[in-house]
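Worksheet for the structure shown next.
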Amino acid sequence: MKLHDTAHVERAVLVQVVHARMDALEAADSLLELGRLADTAGLEVDGQLTQHRDKPDGGTLIGSGKVEDLQTLVAETGANTVIVDNDLNAFQAYNLTKALGVRVLDRTEVILQIFARRARSSEAQLQVELAKTQFLLSRIPVTESQQRFTGGGANVRGPGESHLNLRNAPLRRRIAELKKRLAAIQSRQTARDRAKREWPVVCLVGYTNAGKSTLLNALAGAGAYVDDRLFATLDTKTRKVWLAPGREVLLTDTVGFIRNLPHGLVASFRSTLDVAVQADLLLVVVDAAYPRVADHIDVCFRTLREIGAEHVPHLLVLNKCDTQATVSAKDAAAATLPLIAGHYPQALPVSARTGYGLDLLKRAVVQELQSCSTLWRLPSATSRT
Ligand SMILES: Nc1nc2c(ncn2[C@@H]2O[C@H](COP(=O)(O)OP(=O)(O)OP(=O)(O)O)[C@@H](O)[C@H]2O)c(=O)[nH]1
Ligand SMILES: [Mg+2]
């Protein structure tokens, strides 16, 4: 089921501030991706505005001149939402909302909105609520400091601060409660996982929309939900996969990564992402047909470091090798590989859709696990070979 089939379609205008250290292609990609995020969140994109400036305006991010341009664009398009690719602080969000008279969201909020609509399991729902509550809390202090600014000075402790604490208190209580409930779910899961850890665990991680769930389906016939939208998967799904005689693994699909994945979400989804930290092997999946695949690979490894999974052995999987031009999958792989082969000579070209390269992938997994998984070295497992 597609999100915007069921949702009321809203019209949005995208805004992006490009800093001097950001290259033009990266900026264009980021804006394109923001459009896909908006679409996934059920918003129709009707216009965009880009501004080049080195230092963001403290009050509105884009400065008063561009705010006027944006007012015109909003009026012309009839948009009821403005989505900003850069992070907004509460002061900037407040001022922009006031000046434009429409809803203003930043990238983090759109991702949070998608996660909120996608979350199915109670664990995912709790994780999203935790991230949203933490986001709300991050938005309160600046509004209050603005209040103090107009009332009694930014650094003055006094009535403003106790008011601030009063407003924060329910959110802080809710955060503590959500963390407690998530910890309980996680400890139940850890006990269960330990008890049934009979096979090595291989975890599919990687950029959102790279084809991780399709790969799980191709390798395990899993019936995992696949969609050409960002963040189709939020819950982990695990299936047993037979790779070779006596060589079975548990293959787990999980939530995708994206550039500037909000820290709050990464923290909240720690228990879901923990499956990667505990895995014996990671399959880092990226879309080989994407022209700047090296950027996606960077994002994947940065996120893996952020969640503490950098020590887990990995194989890099270049999926969608069938989509290169009109050539055969084999030639397509050959066309893709040279671009990144210098950096990632061990990368495995596959197509989850056509099955190309999956046998080689299975063999590579067996080889890798033979050297790193203790489970396959146990006498009972060895005797099954
Ligand atoms: N051409 C082609 N398309 C593919 C391949 N693998 C997946 N896709 C398509 O890519 C889109 C995303 O696939 P998913 O399997 O949902 O991707 P994912 O990595 O699980 O995405 P998220 O769960 O959103 O992070 C779908 O439209 C798939 O049909 C492939 O090998 N070739
Ligand atoms: Mg998926």
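The values are calculated or read from the model by the stated rules, or taken from the named source; none is laboratory data. All values reported here derive from a predicted model rather than from experimental measurement. Positions of Cβ are backbone-derived with ideal geometry, glycine not excepted, and every protein chain shown enters the neighbour counts. In case anyone asks, the SASA skips ligands and DNA or RNA and just uses the protein heavy atoms, side chains included. Shrake-Rupley method; radii C 1.70, N 1.55, O 1.52, S 1.80 Å.
Taking other residues whose beta carbon is less than 9 angstrom from the beta carbon of residue 219, and scoring Lys, Arg as +1 and Asp, Glu as -1, yields +2.
In this structure the amide hydrogen of residue 45, modeled in the peptide plane, comes within under 5 Å of the amide hydrogens of 12, none closer than 5 places in sequence on its chain.
Partners of residue 179 within straight-line reach, counting aspartates and glutamates whose Cα lies under 13 Å from its Cα and excluding those fewer than 8 residues away in the same chain: 123, 129. Here the simple spin-label model places points 7 Å from the Cα toward Cβ, and for residue 89 and residue 292 these points are separated by 2.7 nm.
Dividing the mean sequence gap of close Cα pairs (under 8 Å, 6+ apart) by how many residues region 1-129 holds gives a relative contact order of 28 percent. Taking every protein chain into account, the 1.4 Å probe leaves residue 343 with about 140 Å² of accessible area, to the nearest ten. Fully extending the segment from residue 54 to residue 138 would add 27.8 nm, taking 0.36 nm per residue of separation and subtracting the current Cα-Cα distance. The phi torsions of region 39-52, fed into the Karplus equation with coefficients 6.51, -1.76 and 1.60 and a -60° offset, translate into couplings of 4, 4, 7, x, 10, 9, 8, 10, x, 8, 9, 10, 10, 9 Hz, rounded to whole numbers, with Gly and Pro shown as x. Each residue of region 76-81 was assigned a 3J(HN,Hα) from its phi angle through the Karplus curve 6.51 cos²θ - 1.76 cosθ + 1.60 (θ = phi - 60°); the sequence is 5, 8, x, 5, 10, 9 Hz, with glycine and proline shown as x.
Under a 5 Å amide H cut-off, with hydrogens placed 1.01 Å from N, residue 206 pairs with 257, 285 among residues at least 5 apart or on other chains. Amide H of residue 15: which non-local residues (sequence gap of 5 or more, or other chain) have their own amide H closer than 5 Å, using H built in the peptide plane? When sequence neighbours closer than 5 places are left aside, the close amide H contacts are 49, 83, 84, 85. The phi-based Karplus calculation (6.51 cos²θ - 1.76 cosθ + 1.60; θ = phi - 60°) puts the 3J(HN,Hα) values of region 305-311 at 5, 4, 8, x, 10, 5, 7 Hz, whole numbers, x for Gly and Pro. Were the residues from residue 270 through residue 23 laid out at 0.36 nm apart, the gain over their Cα-Cα distance would be 85.8 nm.
With a Förster radius of 51 Å applied to the C-beta separation of residue 177 and residue 343, the computed FRET efficiency comes to 0.70. A Förster distance of 25 Å, applied to the separation of the beta-carbon atoms of residue 76 and residue 103, puts the FRET efficiency at 0.90. Note on residue 125 and residue 36: the extension gain reaches 29.8 nm, defined as 0.36 nm multiplied by sequence separation minus the Cα-Cα distance.
With the cut-off at under 12 Å, measuring from each backbone N in region 219-253 to a point 7 Å along the Cα-to-Cβ line of residue 323 picks out 227-230.
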